[in-house]
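These notes concern the structure reproduced below.
The values are calculated or read from the model by the stated rules, or taken from the named source; none is laboratory data. None of these values were measured; they are calculated from a predicted model. Glycine gets a Cβ as well: all are built from the backbone with ideal geometry, and neighbour counts include every protein chain shown. Only protein heavy atoms, including side chains, enter the accessible area calculation; ligands, DNA and RNA are left aside. Shrake-Rupley method; radii C 1.70, N 1.55, O 1.52, S 1.80 Å.
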Amino acid sequence: MQITIQKFAPGKIQLNINISPEKYEKYLRGKALELGEKAGIPGFRPGKAPYEIIKNQIGEMALLSESLNEIVRDTYGQALKDQKLKPAMPPKIEVLKAAPGNPVEYKAEVVVLPEAVLPDLTKIKIKAREIKVEEKQIDEALAYLQKMRAQENIKESNSEDKEIKKGVWVKLPELNDDFASCINSQFKTLQDLKNQLAKNIKLEAELKEEQRQEQEMMEELIKISHFGEIADELLQNVKTKMIEEMKFSLDGAGGKWEDYLKSINKTEEELKQRIDEESQKRIKIDAIIAQIADKENLKVKKDEVELEVNRFLQHFRSVNEAKKQVDLPQLIASAEERLLNRKAIEFLKSNVKIQMSNQYQNPKSK
């Protein structure tokens, strides 16, 4: 396979790829076997006819045409690996020549991630914030459970055909050992419930703190790293994705996109211009992660991907329902990308200096 690279715009390159007949013959043979089984060749059992017989009956040009997508897909992927390219978007591919007995030639326009030159990671210092569980937080959680328990009692009363008028005052359950047992039979005392709430609050706070540290780490990395050119096409693509994410969140909250634009006195195009800096940050983060994954040769194991995919598929009632709603190859690719990103971030965190000072303050029982 012959590859030539041409840069023709900031952040964009063109790959010209030439595959000899000897290199793509295996694809023709595989396609011949597949088509031979379906079509049936007189005098031969399905799948037993020689390649030359199938080729003569089906036609070599037909075999090449049927195999072209696989040839391009595999050779393009190999070209990216050979040239150590990091594509940021799907390529634009144009087949230039495809004739039996001759090389297959095609070109691929590729938008690539900007090159990231990272600093000495140990120069980045992140100070962890102290985590405390305050008595007030536990009281608020208990008050929420009181209200929820009262609402459950109202629903139970309604199910027994007892009229509940609007505005009726509902007595909150007393906070005692019985209340704790009603929440979960594992809680024998109110203090057991309080202890569990403290643990839950602490875990949530730790997760938020971890996310904050990661965000601060990436912000610092962006500040002191050097980046190559960003293709305008990539920047516009990321802006569009961000707008779509905003629309999705707004729709989930019951809002309307048109009303939101009016509230900020912006058109959608003006909003895209406003999120230019944030879009560039996203691209630079992707570039940093890709650089780390490549430099450190980070890999995702097959069983890790399978576990991630199975966790997602468990949300469906059945395998048939999942097949109808999920593009499995795309799901696998997304799972692999998420896991690789996670590994890259964990590598960064293990090398960046994070001054740990987290403490847990045990709440006093009332």
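Tabulated data
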item	result
Formal net charge of residues neighbouring ASP177 (Cβ-Cβ distance under 13 Å; K, R +1; D, E -1)	-1
Lys/Arg +1, Asp/Glu -1 at C-beta; the chain dipole; positive extreme among SER181, GLN2, THR75	SER181
C-alpha long axis of helix 276-295 to longest principal axis of the chain, angle in °	70
Anisotropy class of the range 1-141 from Cα gyration tensor, a/c 1.5 cut	oblate
Helix 302-313 axis, angle to the chain major axis (alpha carbon atoms, nearest 10°)	60
Accessible surface of the chain [probe 1.4 Å, protein heavy atoms]: carbon and sulfur percent	49
(1) 16.9; (2) 30.2; (3) 20.5, with the label sought being that of the calculated mean projected area of the Cα convex hull in nm²	(2)
Degrees separating the helix 21-39 axis from the principal Cα axis of the chain, which is the longest one	80
Cα gyration tensor shape for the range 228-366, rounded if a/c is under 1.5, else prolate or oblate	rounded
Qualifying trypsin sites (Lys or Arg not before Pro) for the range 252-357 [loop in DSSP, other Cβ within 10 Å: at most 13]	LYS256, LYS299, LYS301, ARG317
Longest segment of the chain lacking chymotrypsin sites (Phe, Trp or Tyr not before Pro) that sit in a DSSP loop with at most 15 other Cβ atoms within 10 Å	170-315
Note, ³J(HN,Hα) from phi for the range 220-236, Karplus 6.51, -1.76, 1.60, rounded to Hz, x at Gly and Pro	5, 4, 4, 4, 10, 8, 10, 10, x, 5, 9, 5, 4, 4, 5, 4, 5
Solvent exposure of the chain as accessible area per residue, Å², 1.4 Å probe	66
For the range 226-299: rounded, prolate or oblate by the Cα gyration tensor [a/c cutoff 1.5]	prolate
